[in-house]
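J.: Take a look at this one; I'll ask things after.
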Amino acid sequence: MPLNGLLDIELRAPDPSALGDFWMRRGLGRTDDGVYGTADRPVQLTIAESDHRHLGEVHLSCETEQDLAEIAGRLGDLGIASITSGTTLSCTDPVHGHNVTVDVGEPPALRAVEPRPSNRPGHSGRLTERADAVATRAEPRAPRRLGHFVLGTPDLEASQRFYVDGLGFRVSDQILNGVATFLRCEADHHNLLLQPGPTAYLNHYAFELDDIDAVGAAGTAVLSERPDAHLIGIGRHTLGSNVFWYLTDPAGTAFEFFSDMDQIHDDEAWERDHGRRDWEGSDGPAGFSAWGPPEPPPEFFDPPDLPAIAAARAARGLA
Ligand SMILES: [Fe+2]
């Protein structure tokens with residue numbers, strides 16, 4: 001498994017401090033200037049200034065220096081330049097233009113959280129006390145880790161070549177005859193989703209939370225300060241199985257709070273029994289959600305500021 005981690009991403013936005021303050025109110029700490037994270041993972045987001053919102057950098061990890069050399073070789077075969085310095089490889093996403101850095105290492109371990117006591121038919125796990133979600137509702141739990149990001153791309157083939165054939169992301173599922181591709185570099189069903197877009201843009205980024213109560217409480221807290229931030233949720237996705245709630249951040253980028261995503265620990269078993277290159281019609285769990293809103297609103301795939309993003313990119317000679 002050459003790639004083994006999505007470590008952090010850099011967001012660029014016209015008002016980085018407003019975006020950083022927003023994430024601090026969600027429970028992330030500012031662990032350095034422009035760097036946000038948690039005690040478990042001090043670096044999850046970096047935020048810097050730009051004239052428009054976009055992804056600035058993706059930071060990945062791989063297991064060995066040999067993996068790094070093989071990534072450099074594969075990128076070279078695709079005609080994509082990279083620079084390796086010590087145990088770090090740097091290159092540029094050929095479609096989006098953001099930096100991609102791969103370090104030899106692995107994501108910092110996460111402190112495990114015990115499931116909260118619950119009651120269900122035939123089983124009483126919480127006796128004579130209120131649910132924890134009720135007792136602690138004044139304090140939404142902080143995001144635990146940056147889990148995935150989603151790119152809208154005007155050149156799906158080139159994006160797939162770069163991330164799959166070059167960097168080595170593995171395909172978990174594809175839908176609509178390969179139009180949207182769910183990729184992983186960890187055990188998560190997806191750490192990256194590539195989907196079509198009229199211009200190259202960051203569709204959303206996603207933080208994993210402890211459980212569905214944490215997702216609900218964190219989303220509700222966002223709405224209490226920004227009632228128009230709601231995008232779609234709460235529901236459970238079909239592909240990835242994760243509980244989701246999508247909202248927008250102060251820069252206008254969609255983000256997702258999620259929990260309980262499928263974990264793929266046996267690549268071969270997944271390929272044989274579950275991985276599909278073409279979920280279509282009723283032959284498989286196609287569709288946006290297993291329960292919850294069946295379809296996202298139009299602005300989910302077509303954010304209102306896309307023309308402005310396209311114009312800013314064109315001014316820099318980017319597609
Ligand atoms: Fe997502």
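J.: With Ala135, Ala206 as the choices, which residue is more than 16 Å from the ligand (Cβ to nearest atom) and of a type in the set (A, V, I, L, M)?
T.: Criteria check complete, one pass: Ala135.
J.: Moving to a separate point now. Which residues, taken from the stretch 181-198, are open to solvent by 10 Å² or more (accessible area, probe 1.4 Å) and away from the ligand (no atom under 13 Å from the Cβ)?
T.: Hits for the stretch 181-198 are Glu186, Ala187, Pro196, Gly197, Pro198.
J.: Would you list the strands (runs of 3 or more DSSP E) that sit entirely within the stretch 1-87 and hold 3 or more residues that are open to solvent by less than 50 Å² (accessible area, probe 1.4 Å)?
T.: 3-13, 35-37, 45-49, 54-62
J.: Just give me the residues in the stretch 217-233 being under 19 Å from Arg145 (Cα atoms) and touching a strand residue (DSSP E or B) at 6+ places or on another chain (Cβ under 6 Å), in sequence order.
T.: Ala218, Gly219, Val222
J.: Give all pairs with beta carbons closer than 8 Å in which a residue from the stretch 133-159 that is farther than 25 Å from Asn99 by Cα meets a residue that is among the small types (Gly, Ala, Ser) and not in a helix (DSSP H, G or I); count only pairs at least 6 apart in sequence or on separate chains.
T.: Note: pairs meeting the criteria are Pro140/Gly27; Arg141/Gly27; Ala142/Gly27.
J.: When only residues in the stretch 220-235 that are more than 12 Å from the ligand (Cβ to nearest atom) and in contact (Cβ under 8 Å) with a residue 40 or more places away in the chain count, which is farthest from Pro14 (Cα to Cα)?
T.: My answer is Ile234.
J.: May I pose another question? Are there any pairs with C-beta distances below 6 angstrom linking a residue in the stretch 172-192 that is closer than 14 Å to Leu6 by Cβ and in contact (Cβ under 8 Å) with a residue 40 or more places away in the chain to a residue that is polar (S, T, N, Q) and open to solvent by 10 Å² or more (accessible area, probe 1.4 Å), with the two at least 6 apart or on different chains, and if so which?
T.: Final answer for the pair search is Ala187/Gln263.
J.: For the stretch 305-316, how many residues meet the condition of being without any contact (Cβ under 8 Å) to a residue 24 or more places away in the chain and either open to solvent by 70 Å² or more (accessible area, probe 1.4 Å) or under 21 Å from the mean Cα position of the chain (by Cα) (or both)?
T.: The total comes to 2.
J.: Working carefully through the options Phe301, Phe288, find the one that is within 15 Å of the ligand (Cβ to nearest atom), modelled with pLDDT under 95, open to solvent by 50 Å² or more (accessible area, probe 1.4 Å) and of a type outside the set (Gly, Ala, Ser).
T.: Of Phe301, Phe288, the one residue that is within 15 Å of the ligand (Cβ to nearest atom), modelled with pLDDT under 95, open to solvent by 50 Å² or more (accessible area, probe 1.4 Å) and of a type outside the set (Gly, Ala, Ser) is Phe301.
J.: While we're on this one: What is the number of the single condition among (1) in contact with a strand residue (DSSP E or B) (Cβ under 9 Å, 6 or more places away or on another chain); (2) more than 17 Å from Cys91 (Cβ to Cβ) that Phe22 does not meet?
T.: Answer for Phe22: the failing condition is (1).
J.: Would you please name the residue that is farthest from Arg41 (Cα to Cα), looking only at residues in the stretch 138-180 that are more than 16 Å from the ligand (Cβ to nearest atom) and of a type in the set (Lys, Arg)?
T.: By that ranking, first place goes to Arg161.
J.: Continuing with the same structure: Among the numbered conditions (1) more than 24 Å from Pro304 (Cα to Cα); (2) among the small types (Gly, Ala, Ser); (3) buried (at least 20 other Cβ atoms within 10 Å of the Cβ); (4) within 16 Å of the ligand (Cβ to nearest atom), tell me where Gly216 comes up short.
T.: The failed condition is (4).
The values are calculated or read from the model by the stated rules, or taken from the named source; none is laboratory data. As the structure is a computational prediction, the values presented were derived from the model and not from experiment. As a convention, Cβ positions derive from the backbone with ideal geometry for all residues, glycine included, and neighbour counts pool all protein chains shown. Protein only, heavy atoms only, side chains kept; ligands, DNA and RNA dropped before computing areas. Shrake-Rupley method; radii C 1.70, N 1.55, O 1.52, S 1.80 Å.
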